[in-house]
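A short worksheet on the structure shown next.
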Amino acid sequence: MSALEFSYTPESLRQYAADVLRHARELGATACETDVSEAFGQSVTVRKNEVETIEYNRDKGIAVSVYVGQQRGHASTSDFSPQALRATVEAALSIARFTAADPCAGLPEAKLLAKKSVDLDLYHPWTLPVEEAITIARNCEQAAFAVSPQVKNSEGASVSVQQSQFISANSLGFMDGFPTTRHYISCAVIAGAGAAMQRDDWYSSARNSADLASPQAIGDYAACRALSRLGAKRLKTRQAPVLFEAPLAAGLIGSLVHAVSGGSLYRKSSFLLDSLGQKIFPEHVRISERPHLRGAMASSPFDDDGVATQEREVVADGVLQGYFLSTYSARKLGMQTTGNAGGSHNLIVHPGKLDFAGLLREMGTGLLVTELLGQGVNYVTGDYSRGAAGYWVERGEIAYPVQEITIAGNLRDMFQNIAAIGKDVLVRGSKQVGSILVERMTIAGN
């Protein structure tokens, strides 16, 4: 695979976007926005040293949204022919004319749109012949099996290489886009035998393959995680501190984003309604949005509406400083977009002074959670109840693994009761956060 395998030049994608806008204008649309994109990639999975799957993907598409006043219609196509482009615009217009007017519909204010292209170092093609990808996956899995004879089975090791490019444009004169890459190596293994088997996994993902963890390190760590869960017990129901390992702490921050996103707020389906300016965390919690970090997984100079992204403080001294709003949701709330159409951009939860071992000592006796099951989060009330597995900690040290338990609380209380945030920062998607210690939750078991 190489950077030469895009089927279209950036200039040709721009021309398709310009053609869509021209068709929309000629056919009577008062406004139009479009996205033209193409992506391709390769994924290889090896299981027990045998090649299980080799997948190639190649996709392209043009999405069109047109407005007739404040009536909106949307259509899309994977056919880039001139006839198909015009037919797609016509289809979107037909939908718009049969759609009720929405006073919040429409393009962003022109002054908010991104004005110039910015290179954020997001494109690092990985020239990886399939034979080399298979070797990497095999090395990753073999490293896991080499840790212990108790690692007896595998769900496989995978290597994925992905490239994409896009152009976004609208009838206010905005047109911009860029290529990106996303690569990962993963491994999932099973330790033990019979009813005592335990599974765990690990992965590394990056824009640049040079930033990936080594295959051997990923396989080794996946195996160690699975082995450490052997002999897991159940706990008796109790209340205790809970330490969310960094990958799961990212999920807690994701719950915050969901609760203070425009869609949840204007539908009044969030437990954090009218929380702007309120203290929802302890004073030591600070969360920043940094959309312009070079090479980061969620960097972008503009959002899905074409609005320029801005660095900002989302939470400062525990106080919520801003929501996550698109153009549409902002209008529904009588506010201004925050440049978050399509999601958040590199949320950085500023770490405290304790490393992971320090967090365990700080907790003393309690539960370290390393796996969550189910989707038991009610965003209307904030009630939180999820199946969990992990380790019981006594006197600041891991005592034994636990499973088949449930942790429960309310997100509002959990946010308020964050006792510490570790400096063991891990990047998971758009979140960068260390492990999070919550002072007290209910643990349901036997």
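Taking the conditions exactly as written (modelled with pLDDT of 95 or more, surrounded by fewer than 16 Cβ atoms within 10 Å (Cβ to Cβ) and acidic (Asp, Glu)), does residue 289 satisfy them or not? No; evaluated as a whole, the condition is false for this residue.
Taken over segment 230-246, residues that are open to solvent by 10 Å² or more (accessible area, probe 1.4 Å) and within 18 Å of residue 356 (Cα to Cα) amount to 2.
Residue count for segment 249-288, restricted to those that are in a helix (DSSP H, G or I) and either within 25 Å of residue 371 (Cα to Cα) or of a type in the set (Ser, Thr, Tyr) (or both): 13. Annotation: residue 44 fulfils all but one of (1) crowded, with 16+ Cβ neighbours inside 10 Å; (2) farther than 30 Å from residue 145 by Cα; (3) out of contact with any Gly (no Cβ under 9 Å at 6 or more places or on another chain); (4) of a type in the set (A, V, I, L, M, F, W, C); the unmet one is (2).
Restricted to strands (runs of 3 or more DSSP E) entirely inside segment 296-384, those with at least 3 residues that are closer than 28 Å to residue 243 by Cβ and touching an Asp or Glu at 6+ places or on another chain (Cβ under 7 Å) are 366-373.
Given the conditions (1) closer than 30 Å to residue 264 by Cα; (2) open to solvent by 60 Å² or more (accessible area, probe 1.4 Å); (3) touching a Lys or Arg at 6+ places or on another chain (Cβ under 9 Å), report the number of the one that residue 404 does not fulfil. Residue 404 satisfies every listed condition except (1). Of the strands (runs of 3 or more DSSP E) contained entirely in segment 1-87, those carrying at least 3 residues that are aliphatic (A, V, I, L, M), within 17 Å of residue 167 (Cα to Cα) and modelled with pLDDT of 95 or more fall at 50-68. Each residue in segment 302-319 was checked for being in contact with a Ser or Thr (Cβ under 6 Å, 6 or more places away or on another chain) and surrounded by fewer than 21 Cβ atoms within 10 Å (Cβ to Cβ), and 1 of them qualify. The single condition among (1) open to solvent by less than 60 Å² (accessible area, probe 1.4 Å); (2) within 16 Å of the chain's Cα centre (by Cα) that residue 275 does not meet is (2). Taken together, 388, 357 contain a single residue that is open to solvent by less than 50 Å² (accessible area, probe 1.4 Å) and within 30 Å of residue 211 (Cα to Cα), which is 357.
Every residue, every condition in (1) open to solvent by 20 Å² or more (accessible area, probe 1.4 Å); (2) at positive phi; (3) touching a helix residue (DSSP H, G or I) at 6+ places or on another chain (Cβ under 6 Å), yes or no:
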residue: 164; (1), (2), (3): yes, no, no
residue: 183; (1), (2), (3): no, no, yes
residue: 192; (1), (2), (3): no, yes, no
residue: 203; (1), (2), (3): yes, no, no
residue: 207; (1), (2), (3): no, no, no
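Restricting attention to segment 232-245, does a residue exist that is in a loop (DSSP other than H, G, I, E, B), of a type in the set (Gly, Ala, Ser) and within 25 Å of residue 397 (Cβ to Cβ)? For segment 232-245, residues in a loop (DSSP other than H, G, I, E, B), of a type in the set (Gly, Ala, Ser) and within 25 Å of residue 397 (Cβ to Cβ): present. Search segment 6-40 for residues being of a type outside the set (S, T, N, Q) and open to solvent by 70 Å² or more (accessible area, probe 1.4 Å), and hand back the single one that is nearest to the chain's Cα centre (by Cα). Out of the qualifying residues, it is 14.
The values are calculated or read from the model by the stated rules, or taken from the named source; none is laboratory data. None of the values given here were measured: they were computed from a predicted structure. So basically every Cβ, Gly included, is an ideal-geometry build from the backbone, and we count neighbours across all protein chains shown. Surface areas here come from the heavy atoms of the whole protein model, side chains and all, with no ligands, DNA or RNA. Shrake-Rupley method; radii C 1.70, N 1.55, O 1.52, S 1.80 Å.
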